[in-house]
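The block underneath contains the structure these notes are about, expressed in structure tokens.
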Amino acid sequence: MSVRSKVLTLIKRRNMSHFTLSELKDLCKEIVRSKSQPHYHSLIYKTLWMMEKKGDLSVLPETDGKNEKIYSLTEQGRNLLERIDEIEEPLTQNLQATNSMEHIVHLINDYSVALAEASAEAQEYQDLSQKLPSMKEFLQAKYIEAKSRAAHFKGRLVAVENLLLKENSDVAS
């Protein structure tokens, strides 16, 4: 899961309508790994900065008295949270399910559909950026997000297919 997804999931789980960078850095220590503390702080800051630039977060006009920005999810950010939950909740439930062949086939189907959707979305952004050069920067950012999701699901699909191959080879033995 990306740092952005982890941050959004944390915001959702803690029902955080408003938060500061300091608060988020403290809460993310358990879920975001980094090679050093300065790198960790930079990673969280850059994640919030990108989320603000992409329209997932807004900065409230008032501060917390410490001259620190107060962030809030935008409508786009809340919509993104719903999509992350759609991806992560079934995965969590599936990990707790039995290792039956039917379950594995179901995962392959789910990941294949998600991969196809993300790939089609990426292709559409690429096509639109050629037709609408004035929006190229925005569309390029969306294209990269969609490609990232496609790669995420491709990785999951390969892992589950490998598990299926292992199951099949064990049954044949």
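So here's what we get for this one:
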quantity: From the options K25, K6, residue that is touching a Phe, Trp or Tyr at 6+ places or on another chain (Cβ under 8 Å), in a helix (DSSP H, G or I) and surrounded by 12 or more Cβ atoms within 10 Å (Cβ to Cβ); calculated: K25
quantity: Count - residues of region 112-140 that are surrounded by fewer than 14 Cβ atoms within 10 Å (Cβ to Cβ) and among the acidic types (D, E); calculated: 2
quantity: Filter result for Q93 (at pLDDT 75 or above and of a type in the set (S, T, N, Q)); calculated: no
quantity: Checking F19 against (1) exposed (fewer than 14 other Cβ atoms within 10 Å of the Cβ); (2) out of contact with any Asp or Glu (no Cβ under 9 Å at 6 or more places or on another chain); (3) at pLDDT 85 or above; (4) not in a helix (DSSP H, G or I), the condition it does not meet; calculated: (1)
quantity: E62 being modelled with pLDDT under 85 and out of contact with any Cys (no Cβ under 6 Å at 6 or more places or on another chain); calculated: yes
quantity: All positions within region 30-56 that are assigned to a loop (DSSP other than H, G, I, E, B) and over 14 Å from the mean Cα position of the chain (by Cα); calculated: E30, R33, S34, K35, S36, G55
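The values are calculated or read from the model by the stated rules, or taken from the named source; none is laboratory data. As the structure is a prediction and not an experimental result, all values here were calculated from the model. No Cβ is skipped: glycine too gets one built from the backbone with ideal geometry, and neighbour counts run over all protein chains shown.
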